[in-house]
């Protein structure tokens, strides 16, 4: 829709745009673009504003540094053209015996699929960011979808919301307003007055002010809290738990009184490599709660298409686990994370992630020793460590795509601005085509 007040000034209104900031994928964003810049934006959180203005998270007046040109490393990173960068990237990947394809939670579904095919072609490893926690969740879920619900169902019915190991105010800011605490639902017409909120975390945060109960736990002991709750629900005696048992008992009593509960968990449950144990115990708690009332559980994704890459793995390989194609019999999906085998990897293709910020120093040190190809719109800590760097358009703003909301709903991402940069899907496609010709 073009709103032209003057012949030289054309404003384009894009309505009901999907916001590519987090796993909520809010689909009610209205944007006015003038001269290829955002003039105004409505129905968006502060993080979304930062995304559309290309600024730092929650800091809309500080621009993020864009990678301006493809770069290859000689003694230092030097600018080059895309063809030269693709040739260098292909040489690195095809010369590798066990490459790692990593990241991809900020890419569209089609880009993720091409990256998976690259890993398959190279007989490498494929792992999305946060795989240990999310693979554990889907594996514990098994073939049952009974414990999952659309966000709209939760909004309409939930009278108890639990946030465990996550802070939605920072990771998914509009989640509280659209789906959990504040919105009026079909059966919850008074919004927050009809709901109780619990938060479980290792440190006090803003959610404490919104929660009826805030349970602070020692880092790495979440699974013990879950086990204790299950025992209390079963009417068993608890003698060995040393934490805040009074608050836990109060929370459990409230859990048994509600008609519909929803638990959202985050990366905090990955602490001290306890992801698998935490998620399995949390799932056991949810199953026990369902003997009392309807309870559902969903991961709270801070990257906008984490759900998409897990859906891809399930659809293509029948398993949510990271994929290891290095054997002679196709993909192996037996581990919740392949990063424990990082010492075996001899090259890496990183897409839309900053592992030198998100991974432990031990794993980062291993990445320093291998050649790395990076595909990312922005300068990060990883940029200075890479052998080849590709700048890209930002998916959902400068390039179209498909993303899956945290509850598994696929949504179309629109292109609202022009860009001089190709999409990550295009770059990955070019790399794959070259590999297809050169790698038997």
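The values are calculated or read from the model by the stated rules, or taken from the named source; none is laboratory data. Remember, it's a predicted structure, so these values are computed and weren't measured experimentally. Don't worry about glycine lacking a Cβ; one is built from the backbone with ideal geometry, like all the others, and counts go over all protein chains shown.
Filtering region 178-196 to residues that are out of contact with any strand residue (DSSP E or B) (no Cβ under 7 Å at 6 or more places or on another chain), buried (at least 16 other Cβ atoms within 10 Å of the Cβ) and in a helix (DSSP H, G or I) leaves 178, 179, 192.
Of all residues in region 368-389, count the ones that are assigned to a helix (DSSP H, G or I) and in contact (Cβ under 8 Å) with a residue 24 or more places away in the chain.
From region 368-389, those assigned to a helix (DSSP H, G or I) are 368, 383-385; that's our starting set.
Imposing the further condition that a residue be in contact (Cβ under 8 Å) with a residue 24 or more places away in the chain reduces the set to 383-385.
Residues in region 368-389 being assigned to a helix (DSSP H, G or I) and in contact (Cβ under 8 Å) with a residue 24 or more places away in the chain: 3 in total.
Give me a count of the residues in region 70-80 that are surrounded by 16 or more Cβ atoms within 10 Å (Cβ to Cβ) and either without any contact (Cβ under 8 Å) to a residue 12 or more places away in the chain or not in a strand (DSSP E or B) (or both). If you could, list the steps in order and put the result at the bottom.
Filtering region 70-80 down to residues surrounded by 16 or more Cβ atoms within 10 Å (Cβ to Cβ) leaves 70-73, 77, 80.
Among the residues that remain, those that are also either without any contact (Cβ under 8 Å) to a residue 12 or more places away in the chain or not in a strand (DSSP E or B) (or both) are: 70, 80.
Qualifying residue count, region 70-80: 2.
Checking each residue in region 48-68 for being out of contact with any strand residue (DSSP E or B) (no Cβ under 7 Å at 6 or more places or on another chain) and at positive phi picks out only 58.
Candidates 386, 323: the one that is in contact with a helix residue (DSSP H, G or I) (Cβ under 8 Å, 6 or more places away or on another chain) and surrounded by 21 or more Cβ atoms within 10 Å (Cβ to Cβ) is 323.
Here residue 242 meets the list (1) free of Cβ contacts under 8 Å to residues at least 24 places away in the same chain; (2) in contact with a helix residue (DSSP H, G or I) (Cβ under 8 Å, 6 or more places away or on another chain) almost entirely, failing just condition (2). Exactly one residue out of 337, 326 is under 21 Å from residue 269 (Cβ atoms) and in the same structural domain as residue 111 (by TED's automatic domain parsing): that is 337.
Taking the condition touching a residue at least 24 places away in the same chain (Cβ under 8 Å), within 30 Å of residue 376 (Cα to Cα) and not assigned by TED's automatic domain parsing to the domain that holds residue 104, does residue 275 pass? Yes: the conditions hold for residue 275. Any idea which residue in region 10-26 is nearest to residue 407 (Cα to Cα), counting only those that are part of a strand (DSSP E or B) and in contact with a strand residue (DSSP E or B) (Cβ under 7 Å, 6 or more places away or on another chain)? Ranking the candidates gives 17 first. Residues considered: 270, 291. Of these, the only one that is surrounded by fewer than 24 Cβ atoms within 10 Å (Cβ to Cβ) and part of a loop (DSSP other than H, G, I, E, B) is 291.
Quick grid of which residues meet (1) in a loop (DSSP other than H, G, I, E, B); (2) surrounded by fewer than 23 Cβ atoms within 10 Å (Cβ to Cβ):
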{"site": "303", "(1), (2)": "yes, no"}
{"site": "308", "(1), (2)": "no, no"}
{"site": "315", "(1), (2)": "no, yes"}
{"site": "341", "(1), (2)": "no, yes"}
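Between 83, 152, the distinction of being surrounded by fewer than 19 Cβ atoms within 10 Å (Cβ to Cβ) and within 19 Å of residue 304 (Cα to Cα) belongs to 152 only. Checking 104, 100 one by one, the residue that is within 17 Å of residue 371 (Cα to Cα) and buried (at least 18 other Cβ atoms within 10 Å of the Cβ) is 100 and no other.
Working only within region 390-440, note down all residues that are assigned to a strand (DSSP E or B) and either in contact with a helix residue (DSSP H, G or I) (Cβ under 6 Å, 6 or more places away or on another chain) or surrounded by fewer than 17 Cβ atoms within 10 Å (Cβ to Cβ) (or both).
From region 390-440, those assigned to a strand (DSSP E or B) are 390, 395, 399, 401-404, 410-413; that's our starting set.
Correct list: 390, 402, 403, 404, 410, 412.
If you check 286, 258 for being more than 30 Å from residue 363 (Cα to Cα), assigned to a helix (DSSP H, G or I) and touching a strand residue (DSSP E or B) at 6+ places or on another chain (Cβ under 7 Å), only one passes: 286.
Only a single item in (1) within 30 Å of residue 21 (Cα to Cα); (2) in contact with a helix residue (DSSP H, G or I) (Cβ under 6 Å, 6 or more places away or on another chain) is not met by residue 313, and it is number (2).
Every residue, every condition in (1) assigned by TED's automatic domain parsing to the domain that holds residue 407; (2) out of contact with any helix residue (DSSP H, G or I) (no Cβ under 6 Å at 6 or more places or on another chain); (3) within 21 Å of residue 43 (Cβ to Cβ); (4) touching a residue at least 60 places away in the same chain (Cβ under 8 Å), yes or no:
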site	(1), (2), (3), (4)
162	no, yes, no, yes
168	no, no, yes, yes
171	no, yes, yes, yes
174	no, yes, yes, yes
202	no, yes, no, yes
216	no, yes, no, no
